[in-house]
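Read the structure below first, then the notes.
The values are calculated or read from the model by the stated rules, or taken from the named source; none is laboratory data. All values derive from a computational prediction rather than experimental measurement. So basically every Cβ, Gly included, is an ideal-geometry build from the backbone, and we count neighbours across all protein chains shown.
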Amino acid sequence: MRARRTKAKQKGFVVVLVLSMVGLLAVLQLGFNYKSRTNLLAAGDFQKSQQALNCAKAGLNVAVAAVRNNEDIITNKKLASLFSDETSFPVGEGNCSVTITDEAGKLNVNLLADRDGKPDRARIDQLLRLIDLLNQQEPGLSNIGYGFVPAIIDWTDTDDQVVCLPFVKGENLGAESDYYAGLKPPYRCRNKPFDTTEGLLLLKGITPEVFNRIRDYVTVNGDGKVSINSAPKLVIESLSQELNPALAQIIIDRRKIKSFDSIMELRDVPGMTDGLYYSIRDMVTVSPADQYYLVTSRGNVDPVRRTAFFSNGVNRTSCTISAVLRKNMQTKNVDVILYKEL
């Protein structure tokens, strides 16, 4: 009897062991399948991301060709409709949209002081007026202070003396390495011109919110003169305290009909006085020595659909390229002087 019971227990143990091994193998198989599926999806995502990057690069190449082959891409109405967020064109299995902004229509923050570090009062006053206009435009937000204006000069000049702008009310002191060394993490004042506008984020007084409000109106490229044919309305208004919103809009409406061929044509704009004209004529241009363009190219490919077991929804793959182009007006050569994949 005892021998039979022992054999029965052994058989039961074997059955349990076999079932346990079968269950373990099933779990391992399920895990292997899940991992294999995940790896396949990851490979598919990588392929899609590369396709999206290629689409974005194709859009950048189109922008380079357009800038090279056209005298003024901003005033070309056909190209203006192509290079807008509302227009996309097919590229292989994906599509691309491209926007182009003329950097000559913005304020060059690298030129608030001359090579010797002496502040340029006219350009500083223009930036201060732009700050006032932005504060008036968005009264619900915190006011942008003046403090980052002398901080820009300290960042771009070559000395370690803190700039003070006595004609500025309120915040009028800049910052040198002593200030930035006390931050976490610490860093030194560059004492060189900005390479990109994103460099402004390192400055005393520049928060991400402030940067997002001013980024469309400032640049680090060009000769410092504002192109009257491409400048945003607020930049035009910032040229002079006497240049009101109505007159700025008249200038914009006039250039929509026909771009300005010379600065003297501003004298014919209704509302333009001789005093105002002479006060801004040296600050504006219709033909920059070199043309700089900010290009944003967004590539997209078809979404990768996933089963509910592995993921929810749809994963869309996209890639954005930001680049700055410089066109030599004599040779017509176009160089990519800044390239970033976002």
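Of the residues making up region 85-139, those that are modelled with pLDDT under 95, part of a loop (DSSP other than H, G, I, E, B) and crowded, with 17+ Cβ neighbours inside 10 Å number 1. The helices (runs of 4 or more DSSP H) found wholly in region 195-291 include none carrying at least 2 residues that are of a type in the set (S, T, N, Q) and either at pLDDT below 95 or within 26 Å of residue 329 (Cβ to Cβ) (or both). Just to be sure, is residue 187 in contact with a helix residue (DSSP H, G or I) (Cβ under 8 Å, 6 or more places away or on another chain), hydroxyl-bearing (Ser, Thr, Tyr), surrounded by fewer than 19 Cβ atoms within 10 Å (Cβ to Cβ) and over 23 Å from residue 122 (Cα atoms)? Yes: the conditions hold for residue 187. Just one residue in the set 281, 254 is over 24 Å from residue 115 (Cα atoms) and of a type in the set (Lys, Arg); that residue is 254. Looking only at residues in region 191-214 that are buried (at least 17 other Cβ atoms within 10 Å of the Cβ) and among the basic types (Lys, Arg), the one that is farthest from residue 102 (Cα to Cα) is 204. In region 254-265, the residues that are of a type in the set (Phe, Trp, Tyr) form Cβ pairs under 8 Å with partners that are part of a loop (DSSP other than H, G, I, E, B), at six or more places apart or across chains, as follows: 260/228; 260/229; 260/286. Among the residues of region 215-245, those identified as surrounded by fewer than 21 Cβ atoms within 10 Å (Cβ to Cβ) and farther than 27 Å from residue 271 by Cβ are 215, 223.
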